[in-house]
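Derivation of every value follows stated rules applied to the coordinates shown; laboratory data play no part. If you're wondering where the values come from, they're calculated on a predicted model, not measured in any experiment. No Cβ is skipped: glycine too gets one built from the backbone with ideal geometry, and neighbour counts run over all protein chains shown.
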Amino acid sequence: MIAEDRINAAALLLARGAPQRPALVCGRRSLSYGELRRSVARAASAWRQRGVEPGEVVMLRGNHGMDHVVAFLGAMWAGAVPVPLRAALPRPGDEAHDVEFALDGSRPHAGQANGDGGTRWIAWQAEFGDLPAAAESPCEPGSPACWTEPRAWGARSARVLPHRFALSLSAQAGVLPLTPAHSMLGTLRALRRGTTVILHADAPRLAA
């Protein structure tokens, strides 16, 4: 049970959807709100198993598919601060120095920014095996919950959102189709309304 003065944005974002209502649809794959909550809680266990601490920044590089959303919400559920990144890396000559966590390679990864400023990259395991569902981490309402996508390879185009941002999102119901051109923030807004989010059908699964 979270104390009255503590909240968790991921838990709030998933609170309004009826358990049997489809939450995420991506091609032939779908997750109901009940299934999404369980997946997110188990993803939080996966983050904690990897040594991620509350308040620590983690960076997710990949397409805007179902596994990406689950990993993102799972990091928030665990009290970490996820940063959504595009799958593609900057081209030579782009301002790559503005993104110290740029990674060579093609597989989706999760990057963990350590307290000493260093960064280590790990492959994200989309299947959680027998991991238990973790309780949501209680957070100060004004503490960082997540970052929005950078519009370009530079930190100035992204912004951090506190946990209390989830309290101010609309409760209007409906169906919101999303494509890779849409943002993670758009997905979070739709989930807060308890609507069905249509993700890009061509987004691949994250794999270790």
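Listed values, structure above:
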quantity	calculated
Placed amide H near A145: partners under 5 Å, 5+ positions off or other chain	L161, H163
Likely footprinting exposure, H68, H163, fewest C-beta neighbours within 10 Å first	H163, H68
Under 5 Å, built H, 5+ apart or other chain: amide partners of A134	R42, A44, S45
